[in-house]
Amino acid sequence: MKASKICGPYRVEGGKHFRLKDYDPADTGHWRSKEHAEEALIQGIARTADLQDRLYAQNNWSLLLIFQAMDAAGKDGAIKHVMSGVNPAGCQVHSFKAPSEPELQHDFLWRTTNALPERGHIGIFNRSYYEEVLVVRVHPKILESQRTPPSLVTKHIWEERFQDIQSFERHMARSGTVIRKFFLHVSKKEQKKRFLARLEEPEKNWKFSAADIHEREYWDDYQKAYEEMIANTSSKEAPWYVVPADNKWFTRLVVSTVLVDTLETLDLAYPKVDDAKRKELEAARKLLTSKDK
């Protein structure tokens with residue numbers, strides 16, 4: 001099955017009529033067999049490795065993957081599995097937590113802008129500038145600590161930030177950075193199950209945070225914030241994918257197919273060798289094969 005057919009149903013380009021309730025966190029598409037999906041994932045990982053090698057060699061495009069989700073949705077696992085075959089030299093992962101003191105001295109896009117991938121590379125944001133229209137929106141007091149002039153903090157601030165993000169992503173797309181954004185859509189029931197596993201299984205205790213339980217109390221507020229964020233910032237240049245996350249094996253397959261499908265649209269190829277370079281290579285070959293060397 002073509003990658004686009006697997007990931008296509010979860011792509012949101014124009015968000016005018018987007019409703020999060022239309023997407024089922026437990027959906028597995030036409031895949032009823034976990035084993036078959038895992039086989040497809042292995043093939044996707046291999047294909048990604050080949051395409052990434054060409055991306056790196058061609059050195060024209062860069063690719064930015066953004067992951068957002070509620071806690072325990074599986075962002076770390078998806079990144080770990082889907083990217084398991086790539087060359088680390090051409091891939092960087094950045095995790096963004098609460099802004100530091102120096103970061104608060106700048107605009108909300110500044111800290112992530114510094115981490116954008118260079119040409120030929122894949123950059124991964126585990127959380128991103130989208131936190132500024134999610135957690136900051138759900139917890140307005142955070143906005144007060146950002147030192148934005150009070151006169152600029154109006155009832156239109158979220159709409160203005162959506163516009164700023166759209167302009168930023170449009171600029172990056174026009175500069176050669178391809179952006180793909182993933183919202184890993186987990187249900188409240190499945191999140192509870194995963195939180196309990198973190199408490200009950202010793203090898204998962206380190207993942208538990210009381211703060212995660214606290215944020216769960218704001219579930220409905222977050223769902224509304226995510227819906228408006230996706231509706232206002234999904235575009236042809238930088239689409240959102242609402243990826244079902246109740247079944248990790250399917251989450252990883254969808255993310256993998258998006259990655260493969262995106263890379264395959266870039267017409268990636270190894271650089272062609274011109275006559276001057278060919279002569280240089282021939283001279284090197286003769287030097288290496290000469291009897292006295």
For segment 173-199, how many residues are of a type in the set (A, V, I, L, M), over 18 Å from Trp249 (Cβ atoms), in a helix (DSSP H, G or I) and touching a helix residue (DSSP H, G or I) at 6+ places or on another chain (Cβ under 9 Å)? 1
Pull up segment 73-106, narrow it to residues that are of a type in the set (A, V, I, L, M, F, W, C), over 16 Å from the mean Cα position of the chain (by Cα) and farther than 29 Å from Arg54 by Cα, then point me to the one that is surrounded by the most Cβ atoms within 10 Å (Cβ to Cβ). Leu104
Checked segment 1-59 for anything in a loop (DSSP other than H, G, I, E, B) and closer than 24 Å to His121 by Cβ; matches are Asn59
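Looking for something closer than 29 Å to Arg47 by Cα, of a type outside the set (Phe, Trp, Tyr) and at pLDDT 95 or above - is there at least one such residue anywhere in segment 127-137?
For segment 127-137, residues closer than 29 Å to Arg47 by Cα, of a type outside the set (Phe, Trp, Tyr) and at pLDDT 95 or above: present.
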Does segment 121-128 include one or more residues that are closer than 23 Å to Glu237 by Cα, surrounded by 13 or more Cβ atoms within 10 Å (Cβ to Cβ) and aliphatic (A, V, I, L, M)? yes
Quick one: how many residues across segment 148-167 are modelled with pLDDT of 95 or more and of a type in the set (A, V, I, L, M, F, W, C)? 4
Looking only at segment 134-173, filter to residues that are surrounded by fewer than 12 Cβ atoms within 10 Å (Cβ to Cβ) and touching a residue at least 24 places away in the same chain (Cβ under 8 Å); which one of those is nearest to Asp22 (Cα to Cα)? Ser145
Verdict on Tyr226 being of a type in the set (Ser, Thr, Tyr), surrounded by 12 or more Cβ atoms within 10 Å (Cβ to Cβ) and assigned to a helix (DSSP H, G or I): yes
All but one of (1) out of contact with any Lys or Arg (no Cβ under 7 Å at 6 or more places or on another chain); (2) part of a helix (DSSP H, G or I); (3) crowded, with 16+ Cβ neighbours inside 10 Å; (4) of a type outside the set (Gly, Ala, Ser) hold for Val260; state the number of the condition that does not hold. (1)
Expected single match for touching a helix residue (DSSP H, G or I) at 6+ places or on another chain (Cβ under 8 Å) and among the hydroxyl-bearing types (Ser, Thr, Tyr) among Thr257, Thr265 is Thr257
Complete set of residues in segment 258-270 that are more than 13 Å from the chain's Cα centre (by Cα) and touching a residue at least 60 places away in the same chain (Cβ under 8 Å): Val260, Asp261, Leu263, Glu264, Leu266, Leu268, Ala269, Tyr270
Limited to segment 3-18, what total is found for residues that are charged (D, E, K, R) and either at pLDDT 95 or above or crowded, with 17+ Cβ neighbours inside 10 Å (or both)? 1
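The values are calculated or read from the model by the stated rules, or taken from the named source; none is laboratory data. This is a predicted model, so every value here is computed, not measured. No Cβ is skipped: glycine too gets one built from the backbone with ideal geometry, and neighbour counts run over all protein chains shown.
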